[in-house]
Amino acid sequence: MTSGRMAFGALALALATPGFAQDDPQASSGSSVFEGDYLSVAAGAAYGPSYDGSDDYVLYPAALVQGSYGGVDFTSRGAGLAIDFVTDPAKGVGFDLGVSGQLRGNRARQIEDPVVESLGQLDHAIEIGPTAGVSIAQVLNPYDSLGFGIDAAWDINGAHGGMVVEPSVSYFTPLSRGIAASLSLSAEHGDGDFIDYYYAVTPAQSLASGLPAFDPDGGGWTKAGGNLLLGFDLDGNLENGGLALVVVGGYMRMLGDAKRSPFTSVRGDADQWMGALGIGYTF
């Protein structure tokens with residue numbers, strides 16, 4: 001479920017707040033769970049479209065893991081993982097460079113629309129590729145950060161068999177000692193194979209389902225949007241880890257051929273909303 005990535009990628013930002021209160025001796029206790037190795041795990045539930053472009057909504061479980069070990073950072077990437085091999089400084093500009101991989105389940109499960117379901121489920125894609133980014137610490141206050149990232153991945157499982165690129169920008173800031181907020185914006189660009197697999201309607205499929213045939217023009221942007229997150233540390237202190245509660249709301253807009261596809265324009269909706277609630281633990 002691709003909306004799960006949006007919800008719990010944001011959840012990771014709330015659970016992992018390295019550097020919070022480290023530069024203010026009055027705010028910090030002098031140590032943080034995020035100094036050195038740490039691990040955050042979380043589980044929760046999300047409510048979002050049953051497939052990209054659907055107007056039917058489903059409830060589904062979601063989980064994440066995020067942490068650092070020996071200077072190597074790792075974080076959930078949808079139903080997968082991203083690894084960053086470059087250590088960021090506590091202040092100034094940092095760089096991310098690593099690899100990511102995820103399982104894409106778009107139209108592979110929980111299809112609620114009977115017409116779309118009649119065409120059968122798609123295969124899961126296994127997408128692997130490089131991830132890179134730039135982060136800037138202490139932009140507006142001593143504890144916030146601004147990040148720019150991009151993932152490029154290729155399907156190695158023979159599902160869509162194509163390439164997808166996902167740029168993103170995120171801003172994270174604590175609102176108090178125990179509350180954090182994150183605003184994230186992202187977009188998705190697929191090549192011709194990717195868009196054909198998820199959004200084309202062949203003449204045979206048109207006859208079987210009654211949907212109009214649709215032949216996409218090639219690669220292009222498929223969706224863009226963002227999410228807003230609020231994280232609440234349950235003991236009121238973000239830097240000591242422990243339990244945290246996270247609430248996420250998000251919106252995506254289908255674009256280009258992904259919007260014009262009958263899966264969206266006839267059977268679905270270009271406006272995609274989601275929400276998620278999760279609880280995590282950091283140690």
Options Phe95, Phe74; residue that is free of Cβ contacts under 8 Å to residues at least 24 places away in the same chain and closer than 30 Å to Leu140 by Cβ: Phe74
Some residue of the stretch 156-165 being out of contact with any helix residue (DSSP H, G or I) (no Cβ under 7 Å at 6 or more places or on another chain), part of a strand (DSSP E or B), at pLDDT 95 or above and polar (S, T, N, Q): no
Residue among Leu183, Leu229, Leu243 that alone is within 16 Å of the chain's Cα centre (by Cα), part of a strand (DSSP E or B) and surrounded by fewer than 17 Cβ atoms within 10 Å (Cβ to Cβ): Leu183
Only one of Leu238, Leu229, Leu243, Leu183 that is farther than 24 Å from Asp55 by Cβ and without any contact (Cβ under 8 Å) to a residue 40 or more places away in the chain: Leu243
Selection count, the stretch 175-184, where residues are in contact with a Gly (Cβ under 9 Å, 6 or more places away or on another chain) and within 12 Å of Leu229 (Cα to Cα): 6
Pick from the stretch 166-180, criterion part of a loop (DSSP other than H, G, I, E, B) and touching a residue at least 60 places away in the same chain (Cβ under 8 Å), ranking: nearest to His124 (Cα to Cα): Gly178
The stretch 120-150, residues that are surrounded by fewer than 19 Cβ atoms within 10 Å (Cβ to Cβ), touching a residue at least 12 places away in the same chain (Cβ under 8 Å) and either touching a Lys or Arg at 6+ places or on another chain (Cβ under 7 Å) or over 15 Å from Ser170 (Cβ atoms) (or both): Gln121, Leu122, Asp123, His124, Ile126, Ile128, Gly129, Pro130, Gln138, Asn141, Pro142
Single match in Asp151, Asp196, Asp235 (criterion: of a type in the set (Asp, Glu), at negative phi, at pLDDT 95 or above and not in a strand (DSSP E or B)): Asp196
Residues that are in a strand (DSSP E or B) and either acidic (Asp, Glu) or out of contact with any helix residue (DSSP H, G or I) (no Cβ under 9 Å at 6 or more places or on another chain) (or both), drawn from the stretch 250-272: Tyr251, Asp271
From the options Ala208, Ala258, Ala200, residue that is under 21 Å from Asp56 (Cβ atoms), more than 18 Å from the chain's Cα centre (by Cα) and buried (at least 22 other Cβ atoms within 10 Å of the Cβ): Ala258
From Ser54, Ser50, Ser100, residue being more than 19 Å from Ala276 (Cβ to Cβ) and crowded, with 18+ Cβ neighbours inside 10 Å: Ser100
Residues of the stretch 186-197 satisfying the condition of being crowded, with 20+ Cβ neighbours inside 10 Å and of a type in the set (A, V, I, L, M, F, W, C): Phe194, Ile195
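The values are calculated or read from the model by the stated rules, or taken from the named source; none is laboratory data. The model shown is predicted, which means the values in this text are computed figures rather than measured ones. Ideal geometry is used to build each Cβ from the backbone, glycine not excepted, and the neighbour counts take in all protein chains shown.
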